[in-house]
Structures are given as structure tokens and as C-alpha cells.
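See structure below.
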Amino acid sequence: MKSAAMLRLYRQRWGLCYIPILLTCALAIWVAAHWIYPLPPKSLVLAAGVPQGGFSQMAEQYRDELERRGIAVDIVTSPAGALGPLQHLAVANDPVQAGFAHGLLAERGAEARVQALAVIGKQPVWVFTHQSGATSISQLRNLTIAAGPPGSATREVAVQLLAQAQVKPGEVTWDDVHQGMAAASELLEHRVDAMITIGTGDAPTIRLLSRSPGIHMLGLERADGLAAREPRLHPFILPQGAIELRGDVPPRDLTMLYTSTNLLVRETMHPALQRAMLDAASDIHSVPTFLQRLNEYPDYQSDFPLSPTAQLYATGQRPWLETALPYWWAQLAGLLLYAVLPILLFTGAALVWIPRLFSLRVDAVLAHYYGELNFLENDLEAAASEAPIKLKGMLGKLDRMEQEVASLDLPDRFSDRWYTLREHLVDARERLLKLRSR
């Protein structure tokens, strides 16, 4: 019968109920920690373009800031120049998770399926030459120019700048081999006549050439017209002496163009790690330089698609635990509060509810026999006076009840009620036998 099965189940409750529930609890916590509310990784691989470039210096700053938050950073450089981080991010199994790129690469970023966390600065288009007396880019006609390899964003901008100055691509000789510091060395050694590059003001190449004797910076003519055709380029005035006041660098106001510097991440990067990078960006890039004002960056108007996490961050929305606790403590507290604690509460409720379920079932079994006994006792008097023949059948029913009650395997805490039920059955038997003997 079902009651007997329930009682046997009660006897085996640890093996059949409690242990499976505890194992299910452990499995649920493991699933929650790995899939539903995973902790962010403790390390990050950051792509930084060419070695000793502006992005490499920036990556060092991010490494220092993130390591203060307990996140180890491995910096990966590439000879591929400004396109290097995007090349890493475009490869699905590449370990790189974040990198830098200027806004002119936004179309290639769409192919790589990356998102921007923020705009973190300006990258001007710099034009350097050793030609004495040169004041205009139109004076570079018939000279040798280093402007990155064919197909690069820097070469495309250089071609547009020359076209704006009425210089056709065939009227100059391109150095397709050298870029970065190698191209700067070529310019200093007069093996190339000019160099066009895109970089931050702190980039080693820019610092070297802007302060080297005999190297001149050129402004751009009709920069507004070029910016109108390329919306990712923006004109600005670099004031006289902005780079170095004592050295009067530059020696006059220069009209220049700049594109945005973007901090990029994979779409799959953990949101908490993205917020940690945004915190680092705020600490690093809010400092004023000759190219930006105090707290001008980070900015969230990017040429790349903006990460949903960055969109929330820009409006001040972030988990409240991260505002109250250090980075790693906040992540661990979030896991405990939103995943582990609910599972433990549910498990505790199940472990409390199962004994009550068994108790209710045992109560129901005992109540069933008490009810049967009550009906039997109510029928005794009527059966003795009206149909004495029924007493024999009632005695058989009472015998079966006694046998069933005697065979009940009840928990020890129900033994007093079990003995009381058996005493009632004995009293009912004695009464029934007296009625039969009349």
C-alpha cells in the first residue's frame, strides 16, 4: 500500500532524498558559477600595435591600473601597425580580448565584430619633413614619402591629403617598407623626404620627430574640406608652443586633422572586466595634455559600435556592489548574493520540507486507522442490537487493522501514538467480544 511505501521511503530518506538534494545543490552552484553568474577572468591579453609605439605605452598604463585591481595583463605587440589589434580581435581563437584602434578603421572593425568601450583620446595626422622652408603639403611633390604600407589607413589618408593639395599619387615616391620608428629613422637619415603618420601625442615617434632639429611639422590646407568628405577626421588648431613651450614647438599655429583613439574589446568579454577597463580608462585619460582638456576623455561617441556595458557605464549604471566593495570582492559577493545564496535557501527549504512531508504522511496514515476505528466503534452498538451477525465481520476487520498497525514501520518519534492506537484497538476488541457474548 502507498502508506507502507511512504514509510519505507522515510527510512531510506538519506539515500533517496537528502543526498540527491545536496548533490543537486552542489551541481546547481557549479552551473551558476560557470554559466549563469560566472566570475570574470583574472587575466587579460591586450593587443598594442607596434612595439615601442604609442599604443604600447598606453597598454603599459592599462597594465599598471588593471593589476592594481587584481587583473594580470599580457601585452601583445605586432609588426602590423595600427591594424594589428584588429587583426588579433578578428580571429576567433586568438587569445587577445582587447586592443586599441583609431576611428578610420571602424569599417574593418565591423568585420572583426568588435565593440568600443570608449573614445580615449585624439590621434592627429602628422606630417614631418626635413625639407628646409617647407610650409605646405603641396611642397612634397616629387619627394619620397613614408606613409605605411599600401592599403593601410595611414596610406589612404596620405593620398587624400596630397589630393587635397593637388598632388597626385604618381607625383610622389612611396616608401612601402618602413613605418613607425623605422620610418622616423629613415627620415632623420634623409633616406626619405617626408613622413605621414597617425599617432597619439605621446607616441615615441611623434615625440622624437617633433623635437628633432631639422625636422619640420606641416599644417594642412583646406582641412575642413577633407573632414567633410571623411567624417571620421576632425580639424583642430595645434597652437604655437603647445608641444614644448620653451622650444617653441610647433613654431606657429598649425591646422591639423585628428581621428579618435578607441578602446576595443570582443563582444564576449565579461561585463565586469569591461567595467574594470573603463575605470582604468577614466584614471588614465582624464589627465589634460596639449591635445585634450581635463576630463575630456573617456568619451562614448565612438565610430565603432559601443558596447552595451559601456552604454550603461556612460549613464552611471553599474552593480551597486562595485561601488561599495573592491573589484574582486564585489564580483565574489555578487556570485554569493545572486546565485549561491538563492540555491542554498532553496536547498534548505527542501531539506526542511521533506521531513514535514513525511510527518504529514505518517499523520495521515495514523489518522486513517483512527478514523476506521471510530467508525467501527460507532457501528458496534447498532450491530449488536439490530444485526448481531455483523459482529463476526467486524471482528475480522478489527483483526486486519491490528495486523496492519502492528506491521507499520513507523519512525521512533511516532512510537507513542502507535502504542496508543494499538491500545485503542485492544479496547475495541474487548468491547466487541463482550457484545458477542451477550
Open item on the list: Only four residue types carry charge here, +1 at the Cβ of Lys and Arg and -1 at the Cβ of Asp and Glu. Report the dipole size of segment 276-434 about the Cα centre in Debye, rounded to the nearest 20.
Closed with: 360
Task: Helix-only [θ]222 nm of the chain, DSSP H runs n ≥ 4, -39500 (n - 2.57) each, per residue, nearest 500 - done: -15000 deg cm²/dmol
Open item on the list: Using +1 at the C-beta of Lys and Arg and -1 at the C-beta of Asp and Glu, which of 37, 231, 391 has the Cα lying farthest in the positive direction of the dipole of the chain?
Closed with: 391
TODO: Just grab the label-to-label distance for residue 171 and residue 113, each label 7 Å out from Cα along the Cβ direction, in nm (one decimal).
DONE: 4.6
Open item on the list: Amide H of residue 74 versus every other amide H placed in the peptide plane: which residues, excluding those fewer than 5 positions away on the same chain, fall under 5 Å?
Closed with: 44, 45, 46
Task: Contact order relative to length of the chain, as percent, for alpha carbon pairs under 8 angstrom and 6 or more apart - done: 20
TODO: Quick one: give the max-minus-min coordinate of the C-alpha atoms of segment 202-327 along each principal axis, largest first, in Å.
DONE: 55, 35, 21
Task: Cβ-Cβ FRET estimate between residue 236 and residue 74, R0 fixed at 30 Å, reported to 0.05 - done: 0.30
Task: Partners for residue 122 among lysines (Cα-Cα distance below 29 Å; same-chain residues under 8 apart left out) - done: 168
Task: Rg(Cα)/(2.2 N^0.38 Å) for segment 82-210, N = residue count - done: 1.13
TODO: Work out how much length residue 379 to residue 252 would gain on full extension: take 0.36 nm times their residue separation and subtract the Cα-Cα distance, in nm to one decimal.
DONE: 33.8 nm
- [ ] Enumerate the amide H contacts of residue 101 below 5 Å, restricted to partners 5 or more residues apart or on another chain; note that Pro and chain-start residues carry no placed amide H.
- [x] 262, 264
Task: Normalised convex hull volume, segment 172-267, alpha-carbon set, Å³ per residue - done: 145
Task: Inter-site label distance for residue 295 and residue 407 at 7 Å from Cα along Cβ, in nm - done: 8.4
Open item on the list: Once you compute Rg and the Kirkwood Rh from C-alpha atoms, what is the Rg to Rh ratio for the chain?
Closed with: 1.46
Open item on the list: With +1 assigned to the C-beta of every Lys and Arg and -1 to the C-beta of every Asp and Glu, and no other charges, what is the dipole magnitude of the chain about the Cα centre in debye, to the nearest 20?
Closed with: 1640
Task: Under Karplus coefficients 6.51, -1.76 and 1.60, residue-wise ³J(HN,Hα) of segment 358-372 in Hz, glycine/proline x - done: 5, 4, 4, 5, 5, 4, 5, 5, 5, 4, 4, 5, 4, x, 4
Open item on the list: What FRET efficiency comes out for residue 132 versus residue 268 if R0 is 60 angstrom and r is the Cβ-Cβ distance? Round to the nearest 0.05.
Closed with: 0.65
- [ ] Return the long-range amide H neighbours of residue 199 (sequence gap of 5 or more, or a different chain), with a cut-off of under 5 Å between placed amide H atoms.
- [x] 126
TODO: Work out from phi, with θ = phi - 60° and the Karplus expression 6.51 cos²θ - 1.76 cosθ + 1.60, the ³J(HN,Hα) of each residue of segment 129-144, listed in order in whole Hz, and give x for Gly and Pro.
DONE: 8, 9, 5, 5, x, 6, 10, 9, 5, 5, 7, 8, 4, 6, 10, 9
Task: Residue-by-residue Karplus 3J(HN,Hα) for segment 232-249, coefficients 6.51, -1.76, 1.60, Hz, glycine and proline x - done: 8, 10, 10, x, 7, 9, 8, x, 4, x, 5, 6, 8, 5, 5, x, 6, 10
Task: Cα centroid of segment 105-176 to Cα centroid of segment 336-382, whole Å - done: 81
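Taken together, the values in this text are just the output of simple stated rules run on the coordinates, not laboratory data. Given the structure is predicted, the values throughout are model-derived calculations rather than measurements. Positions of Cβ are backbone-derived with ideal geometry, glycine not excepted, and every protein chain shown enters the neighbour counts.
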